[in-house]
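Below is one structure, written out as structure tokens; the observations come after it.
None of the figures in this text is laboratory data; all of them are computed from the coordinates on show. Only a predicted model underlies this, so the values are computations on that prediction, with no experimental measurement involved. Cβ coordinates were reconstructed from backbone atoms using ideal geometry, including for glycine residues, and neighbour counts include every protein chain displayed.
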Amino acid sequence: MDDLRSNDPEGVIAADKAHVWHHLIQHKPFETIDPRIIVEGKGMRVWDIRGREYLDAVSGGVWTVNVGYGRERIADAVRDQLVKMCYFAGASGTVAGAEFAERLISKMPGLSRVYYANSGSEANEKAFKMVRAISHKHHGGKKGKILYRDRDYHGTTIGALSAGGQQERNARFGPFAPGFIEVPHCLEYQAQPELAGPDYGVKAAEAIEAVILREGPDEIGALCLEPVTAGGGCIVPPTGYWEKVQEICRKYDILLHIDEVVCGLGRTGTWFGYQQFGVEPDIVTMAKGVASGYAAISTCVTTEAVFDAFKDADDPLGHFRDISTFGGCASGPVAALENMKIIEEEGLCENSAAMGEYLLEGFRKLEAKHEAIGEVRGLGLFAGIELVESRESRKPLTEKLVGRVQAEALADDVMIGAANRSVPGYNNVLLFAPALIATRDDIDRIV
Ligand code: PLP
């Protein structure tokens, strides 16, 4: 077969059209238009195979390339590691695995154990399995139910979709796993009017408590939440929410599992999103920004207490009977280690916080001018613009119009995102997650 990597854009596009089944999209339009093949990236910019340049305001489409493209030091570290020792799993560890775990834990007071996997979905599955195993081992099968929130997303596998609060993503994939219970979201802008007000955060958390009481607290093992709901429409938790959530979890002895797959590694302006709300989770999962897309790695990080629940040499099923084959790839932790060093040395958490503020300022100026902007939300370099028919009605703009805004940005060579369709009407939020290296000039262009 001819070498498709040679200078043959049309050949590559034809091969893609003929054989690649792309994620997330409807393929029918590819009968008349070509897929975009991205061939190069540097910083915040990418180039397609026909030489067109884009400003990437979505970090690789799904908020992953936190440190930006073209980081030679990550590539070098991965290459050196692969040549020396590419892989080992099970009881045998790797130097990179130990070093990255130690560095990661140094940023996560209260947590101490790192379980390696490959994707956000898988990391969340690990957490769910831990909760279920603890339920069987220590609670006689009680405390096995897992709460998740409307509009949150925790992954694409059937288990993770069972904890999925975005209806469109779940449609046609059921039946799902039993024992996952939905609780309400915390988006004041679209909340029932009688709940809105200065104590909305506490009321939204109390709505979770009401579900716990309805199900029976001794049935609930864990509550799984995104710190800032990402794909569900950039929902920044209201004041008082997390404090109350933590209090409720402690009161009913419920493990708090925070899904940092998007927010982790600086995205919201601190190492982890939950650290801005003063909460102390029992389990934290992360993926995308862990190695910024330079390698496939995710982790499920726990307290020593969760880890200890699996220590019983006399019980043949007492350990965590789970594996991730590619959790043994040394390329993951070695890329993650370099990624963390870059974030630290270049002050990217701080830049994310500062540029995030600047981005929101820019959007708020737009908000003043456009009736279609219902609300601007964000934390660090994750921001959303909720588009509505009018401020009065707060009725979401249709998906088609949101798509048009995205298309117009793209025509201007800027890639922006949109929330995932949930219950009809929830797909009206434009999403922005540029790399954490963004400058004021980049932000000005995005705005
Ligand atoms: N959790 C959250 C909050 C996500 O946004 C995603 C993906 O977008 C996932 C989990 C699933 O991650 P992955 O696609 O790596 O399985």
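Just a few scattered comments:
- Residue count, segment 236-275 (criterion: within 15 Å of the ligand (Cβ to nearest atom) and touching a Gly at 6+ places or on another chain (Cβ under 8 Å)): 14
- Matching residues, segment 134-149, being in a loop (DSSP other than H, G, I, E, B) and surrounded by fewer than 19 Cβ atoms within 10 Å (Cβ to Cβ): H139, G140, G141, K142
- Filtered residues of segment 156-175 (kept if in contact with a Ser or Thr (Cβ under 7 Å, 6 or more places away or on another chain) and touching a residue at least 60 places away in the same chain (Cβ under 8 Å)): Q166, Q167, E168
- Restricting the search to strands (runs of 3 or more DSSP E) fully inside segment 29-133 and requiring at least 3 residues that are closer than 27 Å to A222 by Cα gives 113-117.
- Given (1) within 16 Å of the ligand (Cβ to nearest atom); (2) in a loop (DSSP other than H, G, I, E, B); (3) in contact with a strand residue (DSSP E or B) (Cβ under 9 Å, 6 or more places away or on another chain), number of the condition V279 does not satisfy: (1)
- Lone unmet requirement of (1) assigned to a helix (DSSP H, G or I); (2) more than 16 Å from the ligand (Cβ to nearest atom) for R169: (2)
- Residues in segment 282-307 that are farther than 23 Å from V334 by Cα and of a type in the set (A, V, I, L, M) were compared, and the one that is nearest to the ligand (Cβ to nearest atom) is V306.
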